[in-house]
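Just so it is clear, none of the values below were taken in a lab; they were calculated from the coordinates. Keep in mind the model is a prediction, meaning the values are calculated, not measured. All Cβ positions, glycine included, derive from the backbone under ideal geometry; neighbour counts span all protein chains shown.
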Amino acid sequence: MKKILITGKDSYIGSNVKAYLEQYSDKYYIEELDVRDDSWKQFDFSKFDVVYHVAGLAHSTPKEEHRALYYRVNTDLTYDIAKKAKECGVGQFIFMSSIIVYGSGEIGRDRIITSETELTPDNFYGDSKKQAEIKLNSLDSESFKVVILRPPMIYGYKSKGNYPLLAKFAKKTPIFPSYNNKRSMLYVGNLAEFIKLMIDNDERGLFFPQNSEYASSMQLIKEIAELYNHKIIFTKIFNPFIKLFNKQVYVNKVFGNLIIDMKLSEYKQDYCIYSLKDSIKMTEMK
């Protein structure tokens, strides 16, 4: 039986992964640890085989006055927990980084993340994740296997971020642009299966989990609207305006392209157990 410690009690991702792994009660023992104060320093890590670190601060446009806090939580806390885990004999450390380490690139231009893409974070949120990766890699060894994940937008039932905003829009709007863009996304159920495989196969290294198919804003709006029997007219009349204003952050966020090369996300076992269509249905109707 693998004993897993999730550092980041009651987090969205941690709670979902915990619930998923608990289906296999004969294979895993899972415990969550609150790391919002220093009490974790007295916690005994030695009985665990794996630490899955999900605690952190996330915001696409963080405020300048929070700069030091981001580095303290996303970088220093991550490293300190990993260091303690290694000292206590834990064999594997799984870190939730983010595609944010690549930055958004030049606004208004398509982005494809490949193996050649450089890390150019836009702000200290992205840089704090990048610095955490650098520090974690210094701890990596045969006896302490570090796994770093750089996922795209994660969504699921009661998730936060862009998805629920699009979902809310899909239930109300009578009209939407017929504009095809491409976005990498990751359903939380597929992420949970990927974490399971990381643990089962005792992996180490850098990984890019994502759904097996790209999504577009129009496709998401259409799928969600159909679930609620809401009629939407899709028209190309707005497309010239989208192209004209594609350098605006909000327009770029909704209609721009941001994808991870599918080759980076290939794994020896299939972890995308939910299709995009099924994942949207589960997210909306759970």
Once the dipole of the chain is set up from charges on Cβ (+1 Lys and Arg, -1 Asp and Glu), the residue from the list 154, 73, 143 lying farthest towards its positive end is 154
Dipole magnitude (debye, nearest 20) for the chain, charges at Cβ of Lys, Arg, Asp, Glu: 1100 debye
Which shape class applies to the stretch 1-62: rounded if a/c is under 1.5, otherwise prolate when a/b exceeds b/c and oblate if not, where a ≥ b ≥ c are the square roots of the Cα gyration tensor eigenvalues? oblate
Can you give me the relative contact order of the stretch 146-286 as a percent, contacts being Cα pairs under 8 Å and 6 or more apart? 38 percent
Among beta bridges assigned by DSSP with both residues in the chain, the antiparallel ones amount in percent, to the nearest 5, to 5 percent
So what are the ³J(HN,Hα) numbers for the stretch 262-272, from phi and the Karplus equation (6.51, -1.76, 1.60; θ = phi - 60°), rounded to whole Hz, Gly and Pro as x? 4, 4, 5, 9, 5, 9, 5, 10, 6, 10, 8
Per-residue Cβ neighbour rank within 10 angstrom, fewest leading, 111, 72: 72, 111
Say we join alpha carbon atoms closer than 10 Å with springs in a Gaussian network model of the chain; which of 42, 23, 210 then has the biggest fluctuation? 42
Exposure-ranked with fewest Cβ neighbours within 10 Å first, 114, 283 stand as 114, 283
Three-way shape call for the stretch 188-245 based on the alpha-carbon gyration tensor, with the a/c threshold at 1.5: oblate
Reachable aspartates and glutamates from residue 86, criterion Cα separation under 14 angstrom, eight or more residues apart if same chain: 44, 49, 140, 142
